[in-house]
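Below: the structure, in structure tokens.
The values are calculated or read from the model by the stated rules, or taken from the named source; none is laboratory data. What you see is a predicted model, and the numbers here were worked out from it, not measured in a lab. Here the Cβ positions follow ideal geometry from the backbone for every residue, glycine too, while neighbour counts run over all protein chains shown. Just so you know, the surface numbers come from the protein's heavy atoms only, side chains and all, with ligands and any DNA or RNA stripped out. Shrake-Rupley method; radii C 1.70, N 1.55, O 1.52, S 1.80 Å.
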Amino acid sequence: MKKPNSKERHFKKSVLAAAMIIGANIIAFQGFTQAASAAVYNKTNIIPTSYANSTSVSSQTVQNSLPEGYKKANYKVGTINLPYYKNQTPAEKDMTKEAAAELVAQYLWQVYGANLEGQTIEMGYDAPTENTPRPMWIAEVELKGQNYADGYRVDRYGVWIDSVTGELYNIGLNRTLKEKVPVGPDWSLNESEYEAAAKKLAEKYNIVNSTVQSIQFTGQGASFSTNISSTYGDPTISFQVHGENGEVALMTISRYDKVLLGVMYNGQYKYDLLKIEELVQEMEAKAKADEATSADKSKVPTLMGN
């Protein structure tokens with residue numbers, strides 16, 4: 001077997017770093033606000049946002065009409081009980097917490113057919129940052145006393161939306177399977193089978209607001225409920241979905257039954273891809289600098305003793 005040279009090793013490290021970032025974002029999304037708030041504490045570069053000249057808003061904006069079949073449930077609107085959100089104040093142009101919660105309920109109905117009757121939608125405001133230069137309302141619905149249906153129960157839903165336009169950034173569910181399912185990687189898995197399932201779901205929910213141009217496998221992972229060990233849970237597989245209109249989204253489905261577990265839409269995912277590209281460029285630049293340093297050291301003469 002050919003031994004990889006230095007350049008090849010550095011390239012593989014760059015690709016691995018990019019894959020790690022994608023994986024980290026999947027984990028953060030599936031962990032909902034607990035993981036998100038931990039990351040938020042590390043966001044120190046708060047930047048202003050100009051809405052008048054903003055180009056970050058996609059065609060997916062607040063709908064003027066209700067989703068077909070949707071009826072507003074009798075739900076409560078609360079606040080996510082985390083210190084970070086207590087210190088965040090929406091701006092004048094941001095929609096109210098109540099208006100954002102209603103959009104969240106509509107999105108959950110559209111994607112999951114969720115009925116929030118008697119539930120509480122907990123909301124948290126997230127100011128714009130360098131990594132995500134749009135303000136967001138982050139919502140979590142933790143379901144109590146749910147029964148198993150079709151072999152699983154939903155423990156919570158999570159939704160992130162633009163606090164000005166209502167654009168959907170992230171949506172997903174965290175569930176507990178009735179049986180114990182191993183979550184380790186399945187190397188015998190038929191990727192094309194899951195790719196076909198992902199494409200069907202992407203088209204059904206129009207996640208890139210256009211015809212699906214291509215789908216790329218990004219990796220396997222797992223989603224865990226609070227009462228399941230790290231050995232068992234809901235095994236996942238993720239795909240990057242590209243639309244003919246240039247939009248890109250990250251979709252995660254279950255390897256157990258191909259249920260849609262979450263989508264990171266173009267409005268959020270494009271910023272993550274930019275960060276991945278920046279990291280890869282930084283690592284490649286560092287690799288070249290290291291190679292140059294090594295080459296210079298090799299030219300230094302050494303004194304040899306007799």
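Quick one: which residue in Glu244, Glu193 is loosely packed, with under 13 Cβ neighbours inside 10 Å and either in contact with a Ser or Thr (Cβ under 9 Å, 6 or more places away or on another chain) or outside the structural domain of Gln268 (by the TED database) (or both)?
Answer to the check: Glu244.
For the subset of region 156-185 comprising residues that are open to solvent by 10 Å² or more (accessible area, probe 1.4 Å) and among the β-branched types (Val, Ile, Thr), which member is farthest from Leu201 (Cα to Cα)?
The extreme case among them is Val164.
Would you be able to say whether some residue in region 269-279 is closer than 21 Å to Gln110 by Cβ and not in a loop (DSSP other than H, G, I, E, B)?
yes
Tell me the residue from Tyr232, Tyr265, Tyr256 that is open to solvent by 20 Å² or more (accessible area, probe 1.4 Å) and at pLDDT 95 or above, please. Working first, answer last.
Numbers: Tyr232 fails: at pLDDT 95 or above; Tyr265 fails: open to solvent by 20 Å² or more (accessible area, probe 1.4 Å).
Within the list Tyr232, Tyr265, Tyr256, the selection yields Tyr256.
Ser210 fails exactly one of the following numbered conditions: (1) modelled with pLDDT of 95 or more; (2) touching a Phe, Trp or Tyr at 6+ places or on another chain (Cβ under 6 Å). What is the number of that condition?
With (1) modelled with pLDDT of 95 or more; (2) touching a Phe, Trp or Tyr at 6+ places or on another chain (Cβ under 6 Å) applied to Ser210, the lone miss is (2).
May I ask you to list the residues in region 153-208 that are in a strand (DSSP E or B) and of a type in the set (Ser, Thr, Tyr)?
Tyr157, Tyr169, Thr176
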